[in-house]
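Q: Take a look at this one; I'll ask things after.
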Amino acid sequence: MEKRVIDGYAHASYKRPVRSNEELGQRSEDFYLEMDQRRTVREFDTKDVPLKVMENIILTAGTAPSGAHKQPWKFCLISDPLLKKKIRIAAEEEEKISYTSRMSATWKEDLKALGTNWEKPFLELAPHLIVVFKQSYSLENGEKHQHYYVNESVGIACGFLIAAIHNAGLVAVTHTPSPMNFLSELLKRPFYEKPYLIIPVGYAKEDTYVPDIHRKTLDEILVRY
Ligand SMILES: Cc1cc2nc3c(=O)[nH]c(=O)nc-3n(C[C@H](O)[C@H](O)[C@H](O)COP(=O)(O)O)c2cc1C
């Protein structure tokens with residue numbers, strides 16, 4: 001790879017193949033059709049997934065762009081059954097309060113079609129949980145380093161993560177118990193990291209069903225100028 005110093009900083013030559021319009025059309029359609037198969041699955045089989053696969057998925061998330069390249073994320077991989085159980089107990093405690101007193105009637109109405117409730121067996125059944133943390137800043141040798149566009153950056157990384165899980169042939173549920181502070185304590189994370197999402201990963205339970213929901217059409221999501 002050719003390297004060059006530009007304005008005092010190292011740069012590497014970068015090339016992507018120039019494809020024909022037919023090839024672009026085919027590849028973009030193939031990828032869309034594959035991603036259109038992705039669904040949130042809430043019923044898991046206990047079948048294990050090799051650690052190497054999980055590492056590749058997390059490496060893929062780490063390829064996401066980030067504000068000023070600060071990579072303000074940390075992915076905690078939990079495969080230990082006892083720790084998964086502790087997370088389930090703590091999450092269900094919060095979810096029970098949320099479903100009975102924190103969530104609005106409209107919110108609960110909106111969730112009805114998805115069949116969710118305060119019980120989260122997937123937190124124990126899925127072979128792995130990925131808990132994503134965001135870092136508003138980092139500390140290196142006691143020195144504070146500011147991060148930028150943290151929510152946007154971590155959200156994009158989670159998109160890559162979810163796409164990688166699907167691409168590998170696995171399923172996931174994007175889970176957001178609220179509040180999530182218990183994760184910082186259970187996983188002993190430093191104070192400058194805040195929990196962002198829990199993503200259980202594994203295989204769908206045999207004979208599982210997902211809500212029969214529909215995605216907006218191109219005309220509904222695209223505005224042409
Ligand atoms: C930020 C975010 C938070 C979510 N939180 C939860 C959650 O706590 N529990 C859950 O069962 N699903 C959760 N979901 C999954 C959504 O309900 C799901 O993506 C949506 O119903 C569309 O279904 P699909 O993913 O199968 O296309 C969440 C999704 C996102 C993007």
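The values are calculated or read from the model by the stated rules, or taken from the named source; none is laboratory data. A quick note: this is a predicted structure, and the numbers were derived from the prediction, not measured. Here Cβ is always computed from backbone atoms with ideal geometry, including for glycine, and neighbour counts include all displayed protein chains. Just the protein is used for accessible areas: all its heavy atoms, side chains included, with ligands, DNA and RNA removed. Shrake-Rupley method; radii C 1.70, N 1.55, O 1.52, S 1.80 Å.
Q: What is the residue count in segment 60-96 for residues that are out of contact with any Leu (no Cβ under 7 Å at 6 or more places or on another chain), surrounded by 17 or more Cβ atoms within 10 Å (Cβ to Cβ) and basic (Lys, Arg)?
A: Residues that pass the stated criteria total 2.
Q: Give just the number: which of (1) open to solvent by less than 90 Å² (accessible area, probe 1.4 Å); (2) within 17 Å of the chain's Cα centre (by Cα); (3) modelled with pLDDT of 95 or more; (4) not acidic (Asp, Glu) does Asn167 not satisfy?
A: (1)
Q: Another question about this same structure. Take segment 130-183 and flag every residue that is out of contact with any strand residue (DSSP E or B) (no Cβ under 6 Å at 6 or more places or on another chain) and assigned to a strand (DSSP E or B).
A: Hits for segment 130-183 are Leu139, Glu140, Glu143.
Q: Of the conditions (1) open to solvent by less than 80 Å² (accessible area, probe 1.4 Å); (2) within 11 Å of the ligand (Cβ to nearest atom); (3) not small (Gly, Ala, Ser), Ile130 clears all except one; give me its number.
A: The failed condition is (2).
Q: Checking the structure you have, find out if any residue of segment 190-197 is more than 12 Å from the ligand (Cβ to nearest atom), without any contact (Cβ under 8 Å) to a residue 40 or more places away in the chain, open to solvent by 100 Å² or more (accessible area, probe 1.4 Å) and in a loop (DSSP other than H, G, I, E, B).
A: The answer is yes; a qualifying residue exists.
Q: Additional query: Looking at segment 175-189, I want the residues that are more than 16 Å from the ligand (Cβ to nearest atom) and have a partner that is open to solvent by 50 Å² or more (accessible area, probe 1.4 Å) and modelled with pLDDT of 95 or more with Cβ atoms under 6 Å, at least 6 apart or on another chain. Which pairs are those?
A: Close Cβ pairs satisfying both conditions: Leu186/Lys86.
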